[in-house]
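Shown next, in structure tokens, is the structure this report addresses.
We did not get these values from a lab; they are worked out from the coordinates using the rules stated. Model, not experiment: these values are computed from the prediction. Virtual Cβ from ideal backbone geometry, glycine too; neighbours counted across all protein chains shown.
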Amino acid sequence: YYHYLFSHYLPQSLRTLVDRTSNCEDILMNFLVSAVTHLPPIKVAQRKQYKELPSPQGTKTVPWANPEHFNQRQECVNTFASWFGYMPLVHSQFRLDPVLFKDQVSVLRKKYKDLERA
């Protein structure tokens, strides 16, 4: 549902900004979800550890090592808030950590026991 909204509701200019900068897709998705649900942001993360691809010069650098990376993300927040006409992100301090994930004792208490087999 949200991917459909991301692709068909958001203007091409915002998606182009995300594509051009290779940054801010997580922020834009959170703006969209919060605007639709009026709830705090979601966490968007990969199932496996993220690994940077080598740059064309063959050196391996992480984007957050560049100070411009965070400036760029702030500009994205400003651009997205301007398009939405308000700040849809809702303040939240709630966090869930899977401390018992893949813990054999916890499997006995899990509602969806087969989830770890995927």
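Details
- Ranked packing of 25-31, 4-10, 78-84, most packed first, by mean Cβ within 10 Å: 25-31, 78-84, 4-10
- Stretchable slack from His91 to Ile42, in nm (0.36 nm times residue separation minus alpha-carbon distance): 16.5 nm
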